[in-house]
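The structure appears right after this line, and notes come after that.
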């Protein structure tokens with residue numbers, strides 16, 4: 001296993017991590033921004049107000065994109081496990 005293979009595998013893993021986590025992070029960020037704007041407009045300074053909408057948004061994202069996320073991660077794991085013999089030699 002040469003250094004180039006290690007770097008390529010690490011880069012692929014980080015790219016996959018960003019690709020899989022992006023839908024969840026984007027939805028939670030947008031919901032947090034909307035709740036913050038609502039709190040600024042109404043001057044409601046309740047710190048727990050943003051928790052429930054973010055939690056609901058995360059559940060919806062997992063329900064919609066969860067199968068794709070799981071399939072993508074399982075495919076990557078399968079490829080890595082199948083590539084172990086080529087890395088050992």
* To do: Identify all residues within segment 6-54 that are in contact (Cβ under 8 Å) with a residue 60 or more places away in the chain and in contact with a helix residue (DSSP H, G or I) (Cβ under 7 Å, 6 or more places away or on another chain); write none if there are none.
  => 16
* Enumeration of residues in segment 60-89 that are farther than 16 Å from residue 22 by Cα, surrounded by 11 or more Cβ atoms within 10 Å (Cβ to Cβ) and in contact (Cβ under 8 Å) with a residue 12 or more places away in the chain -> 76, 80, 87
* **Residues (modelled with pLDDT under 95 and under 14 Å from residue 51 (Cα atoms)) located in segment 5-32** => 32
* Asked: Among the residues of segment 49-59, is there at least one that is at pLDDT 95 or above, surrounded by fewer than 10 Cβ atoms within 10 Å (Cβ to Cβ) and part of a helix (DSSP H, G or I)?
  -> no
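The values are calculated or read from the model by the stated rules, or taken from the named source; none is laboratory data. Not measured: the values here are computed from a predicted model. Heads up, the Cβs are rebuilt from the backbone with ideal geometry, glycines too, and the neighbour counts pull from every protein chain shown.
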